[in-house]
Amino acid sequence: MDKTNKRAKCDSVLLCGTQAGFWAGCTVFSTFLITYLYGRGYSATQVGLIVALMSAFNLVFQPLWGYIADTKISLKRVILLCLGISVPLGCLMPFFARTTFLLVIGSLLVACFDNPIRGLLDSLTNIAESRNRYIVYGVARGCGSFFSAVACLFVGDILDRYGIEWAFGIHGILLSVAFVFLLCFSETPCREDGVEKEQAVVKSAGSGSSPGKRAKKTITMGEAAGTLLGNKAFCAVFASTILLNIGLKAALTFAPIMIVQMGGTSVHNGYSMAINTVGMLPCMLVYSWLYKKKKLSNNNLYMLACFFTVARIFSMALADSLWMTIGIQIINSLSYGFLQPAMICAISDVAPGELRATAITLVTGGHVAISSILGDYVAGLIVDAFGMKEMFWICTALAVLGTLAYLPVMKAKRA
């Protein structure tokens, strides 16, 4: 029993380390990739298009990896595979950035392996939390946000001194740290295997037949997607997250450009991203405390997150100076710190248990892809045609619609 408790506690630390290493590397990569491309002469529209293409490819591969983790091989092994391939891919980005064609190829490869890890890691943490009382989603995911803030704070200064191309090597080192932590984490069986074993035991107990003689039934990717998209509550959560994240994605993409346009450097972008993420850990801890200890419903906490999200995007429309733009990034901690765990909980509540990883990766991959196409590429077109403030006013209106889109979920819960 003592060994079991020690292993459970060790796993909680390992998962926090995995989240910390991955999100620190991911944030460094995404933040300074935009600054790097902008410095190489790419326009706001071109940068938005490249990021949107990455997210669109992610729409296919993130649910695909989630489906594989639900039905074929363990979630842990899927993430290890993606991490192992992402390290050299990220380091090769300066080579890919030499021409637009190579940059598109490199970006799509990153979208196949690096970007899907976000949803997969959320799925792993969500499933591990249900099996290990020492694992808390808000703590594990919050560690990722906290260490991404620390990384950006120090990396911005390093890049200003030695060159922004070093961002990609640092990204590889941090992802390697995540790989080592996850390698030591306990194995998790794929969801369908666990369901099948349980069903086999029930069937053999009821009929006296051998579990080994039972025919194996595997759900296809199309059937899984059809089941989820036929669920009205799931579709409401999906629509809400897309509309909310359009403005959040635009703020993440165009804040570095705004800072450069206002006279800032890599140091200022590092400060901006550090402030952007430093408050996520305490906010996620507050979410866990309100949800688990104070028994506030996830629906109410989701609506609170919607309020913070609208405020986050609205504030970007008001920013008119360098330090104001940097300072208001703290609102993102309130937005993301509540929205991320509330979203994962909402998906888990409305999706069938055997399709949880598929559901989470479908929503995270879907909202990232669609919100990126609108919040990166289309937003870039609006910025070039009308201006930055006008783009954020439109995104604020879409965030309000995203808040309203969640109301059917609340009504269904009451019913």
ask   = If a residue has to be surrounded by 21 or more Cβ atoms within 10 Å (Cβ to Cβ), among the hydroxyl-bearing types (Ser, Thr, Tyr) and either closer than 15 Å to VAL104 by Cα or touching an Asp or Glu at 6+ places or on another chain (Cβ under 8 Å) (or both) to count, how many in region 31-52 make the cut?
value = 1
task = Check off (1) at pLDDT below 85; (2) within 22 Å of TYR42 (Cα to Cα) for ALA357 and give me the number that stays unchecked.
result = (2)
ask   = Restricted to region 216-269, and to residues that are of a type outside the set (Val, Ile, Thr) and in a loop (DSSP other than H, G, I, E, B), which residue is surrounded by the most Cβ atoms within 10 Å (Cβ to Cβ)?
value = GLY264
inquiry  = One residue is enough: does region 281-289 have a residue meeting the conditions open to solvent by less than 40 Å² (accessible area, probe 1.4 Å), farther than 19 Å from GLY138 by Cα and in a helix (DSSP H, G or I)?
reply    = no
query = So which of ILE259, ILE246 ends up being over 17 Å from VAL378 (Cα atoms) and of a type in the set (A, V, I, L, M)?
reply = ILE259
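What about SER55, is it open to solvent by less than 40 Å² (accessible area, probe 1.4 Å), more than 22 Å from ASP349 (Cα to Cα), of a type in the set (Gly, Ala, Ser) and within 19 Å of the chain's Cα centre (by Cα)?
yes
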remark   = Inside region 5-26, the number of residues satisfying the requirement of being open to solvent by 10 Å² or more (accessible area, probe 1.4 Å) and touching a Gly at 6+ places or on another chain (Cβ under 9 Å) is 3
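Report, by residue number, each residue of region 325-355 that is among the small types (Gly, Ala, Ser) and in a helix (DSSP H, G or I).
Within region 325-355, the subset among the small types (Gly, Ala, Ser) is 327, 333, 335, 337, 342, 346, 348, 351, 353.
Answer for region 325-355, where residues must be among the small types (Gly, Ala, Ser) and in a helix (DSSP H, G or I): GLY327, SER333, SER335, GLY337, ALA342, ALA346, SER348, GLY353.
Among helices (runs of 4 or more DSSP H) lying entirely in region 83-186, which contain 1 or more residues that are more than 27 Å from ILE275 (Cβ to Cβ) and open to solvent by 50 Å² or more (accessible area, probe 1.4 Å)?
Working: elements: 93-96, 100-113, 117-131, 137-162, 166-184.
Ranges flagged: 93-96, 100-113, 117-131, 166-184.
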query = Any idea how many residues of region 124-158 are at pLDDT below 85 and either closer than 21 Å to PRO88 by Cα or in contact with a Leu (Cβ under 7 Å, 6 or more places away or on another chain) (or both)?
reply = 3
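So that you can scan it fast, the table gives a plain yes or no per residue for (1) in a helix (DSSP H, G or I); (2) touching a residue at least 60 places away in the same chain (Cβ under 8 Å); (3) under 14 Å from ILE242 (Cα atoms):
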position: ALA357; (1), (2), (3): yes, yes, no
position: ILE360; (1), (2), (3): yes, yes, yes
position: VAL363; (1), (2), (3): yes, yes, yes
position: LEU374; (1), (2), (3): yes, yes, yes
position: VAL383; (1), (2), (3): yes, yes, no
position: GLU390; (1), (2), (3): yes, no, no
Region 308-325, subset in contact (Cβ under 8 Å) with a residue 40 or more places away in the chain and small (Gly, Ala, Ser), residue surrounded by the most Cβ atoms within 10 Å (Cβ to Cβ) = ALA319
Residues of region 50-67 that turn out to be farther than 9 Å from THR361 by Cα and either of a type in the set (S, T, N, Q) or not in a helix (DSSP H, G or I) (or both), as a count = 2
query = Among (1) surrounded by fewer than 24 Cβ atoms within 10 Å (Cβ to Cβ); (2) hydrophobic (A, V, I, L, M, F, W, C); (3) assigned to a helix (DSSP H, G or I), where does ILE73 come up short?
reply = (3)
task = May I ask you to verify whether PHE101 is aromatic (Phe, Trp, Tyr) and either within 18 Å of the chain's Cα centre (by Cα) or under 24 Å from VAL28 (Cβ atoms) (or both)?
result = no
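The values are calculated or read from the model by the stated rules, or taken from the named source; none is laboratory data. Everything numeric in this text was worked out from a predicted model, so none of it was measured. Glycine also receives a Cβ, built like all others from the backbone with ideal geometry; neighbour counts cover every protein chain displayed. Ligands, DNA and RNA are stripped out before the accessible areas are found, and what is left, the full protein with its side chains, is counted by its heavy atoms. Shrake-Rupley method; radii C 1.70, N 1.55, O 1.52, S 1.80 Å.
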